[in-house]
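Please read the structure below before turning to the comments.
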Amino acid sequence: YAANEVIGIPNVYPNYGDLKGAWAQKSLNENEYIQVRFEYEIYIEEVNIYETYNCGGVWKVEIMTIHGWVTVWEIPSLQVQLLKDSRIFSPDIIFVQHPSNMVKLTVNCAHADSWVEIDAIQITGSIDLTGKRTEYLLILEQLRNYFWCSWVYNSGWSRINSVNCKPILGAFAPV
């Protein structure tokens, strides 16, 4: 249930339940969060969250920009609706005019009275080739695919419990 369980492609989804292989929070409160980083900065157009237990607990999605964290989707934390089936949650996010490779999800575990488990986080979007053509031509083939979380940046736990994962080749974790 460690934070690094969100790295790479889903390995629990489409199964539902309190299953090993997905991230679960440390505490049962309404402000548990995870910050993840992806291999490349892109203009994020979609965030796909692979929820596998107490789905619907995500109440805020933020993207890191040059100006700090920007909330791109949010509902009041007490309005989360829990589902008893796994799903891919793709909230209708606000487009941010800056490329990013960091996403922060905040979940409400108190409403579920249990953990809200997330198996994987995926982003889609586009890049700006202007001025960086050589660098981005090398990854152009990967842009036909989706990007999966490559690192856990901060799991909301105290520093001693946070996970720092080593870089992963490309945008996918090893299977």
Picking from Tyr53, Tyr43, the residue that is surrounded by 22 or more Cβ atoms within 10 Å (Cβ to Cβ), more than 16 Å from Ile7 (Cβ to Cβ) and among the aromatic types (Phe, Trp, Tyr) would be Tyr53
Would you check which residues across the range 13-50 are more than 15 Å from the chain's Cα centre (by Cα), over 22 Å from Ser77 (Cα atoms) and aliphatic (A, V, I, L, M) and list them?
Leu19
I need the full set of residues from the range 72-88 which are crowded, with 18+ Cβ neighbours inside 10 Å, modelled with pLDDT of 95 or more and closer than 14 Å to Asn54 by Cβ, in order please.
Ser86
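Right, Glu51: closer than 18 Å to Gly125 by Cβ, touching a Gly at 6+ places or on another chain (Cβ under 9 Å) and touching a residue at least 24 places away in the same chain (Cβ under 8 Å) or not?
Numbers: closer than 18 Å to Gly125 by Cβ: no; touching a Gly at 6+ places or on another chain (Cβ under 9 Å): yes; touching a residue at least 24 places away in the same chain (Cβ under 8 Å): yes.
Answer is no for this residue.
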Check whether at least one residue in the range 2-11 is assigned to a strand (DSSP E or B) and at pLDDT below 95, and report yes or no.
no
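The values are calculated or read from the model by the stated rules, or taken from the named source; none is laboratory data. Only a predicted model underlies this, so the values are computations on that prediction, with no experimental measurement involved. Every residue, glycine among them, receives a Cβ derived from its backbone with ideal geometry; neighbour counts consider all protein chains shown.
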